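Structure first, then comments.
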């Protein structure tokens, strides 16, 4: 019994230590990214970039300011993208679209590095071997994820539009029933 308790105690201490280190690692990303995003928004630099970013962001039905969390999320990961997103004045629908995009296309560069450090580097090896075997460049590691992120955002936007349309039709039918 004492052996089981010691094993549990050792596991709990190890888990708490790893959890605390993970928390600190996330805070090292979230706090500076949130602060930098807030400074960019406050200083007005984001408004200067609107002209350049508006057409690209129009493809996925987001305002130009949403480019910052997307870029940060694609480079640093979901946590950085979320940290940048919450520092900007975005609607719930816009945050949902950004979240869907980031879930599909996050950590484009870091993912291979982190997997290599953790010893689980299957995608870096498998994808590279697959690309070499097919004679394709590394370009194809990133482009499909970005395209699928855009497609996922459009599908979500269409579903929101269909739900809104269905709600309006239901309300109209109820009004017609009340009149007759």
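The values are calculated or read from the model by the stated rules, or taken from the named source; none is laboratory data. It should be emphasised that the depicted structure is a prediction, and the values quoted were computed from it without experimental measurement. Positions of Cβ are backbone-derived with ideal geometry, glycine not excepted, and every protein chain shown enters the neighbour counts.
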Quiz item: Among the residues of segment 93-106, is any surrounded by fewer than 17 Cβ atoms within 10 Å (Cβ to Cβ), more than 11 Å from the chain's Cα centre (by Cα) and either on the phi < 0 side of the Ramachandran plot or modelled with pLDDT of 85 or more (or both)?
Solution: yes
Quiz item: Quick check, is residue 20 within 20 Å of residue 81 (Cβ to Cβ) and modelled with pLDDT of 80 or more?
Solution: no
Quiz item: residue 144: surrounded by fewer than 15 Cβ atoms within 10 Å (Cβ to Cβ), part of a loop (DSSP other than H, G, I, E, B) and either out of contact with any helix residue (DSSP H, G or I) (no Cβ under 6 Å at 6 or more places or on another chain) or at pLDDT 80 or above (or both), yes or no?
Solution: no
Quiz prompt | Members of segment 58-84 that are buried (at least 18 other Cβ atoms within 10 Å of the Cβ) and without any contact (Cβ under 8 Å) to a residue 24 or more places away in the chain | solution = 64, 67
Self-check item: Residues of segment 42-79 classified as in contact with a helix residue (DSSP H, G or I) (Cβ under 7 Å, 6 or more places away or on another chain) and more than 24 Å from residue 152 (Cβ to Cβ), total
Solution: 3
Quiz item: Taking segment 1-14 on its own, how many of its residues are in a helix (DSSP H, G or I) and either over 38 Å from the mean Cα position of the chain (by Cα) or closer than 21 Å to residue 79 by Cα (or both)?
Solution: 5
Quiz item: Considering segment 26-47 alone, what residues qualify as being farther than 18 Å from residue 83 by Cα and either surrounded by 12 or more Cβ atoms within 10 Å (Cβ to Cβ) or in contact with a strand residue (DSSP E or B) (Cβ under 6 Å, 6 or more places away or on another chain) (or both)?
Solution: 47
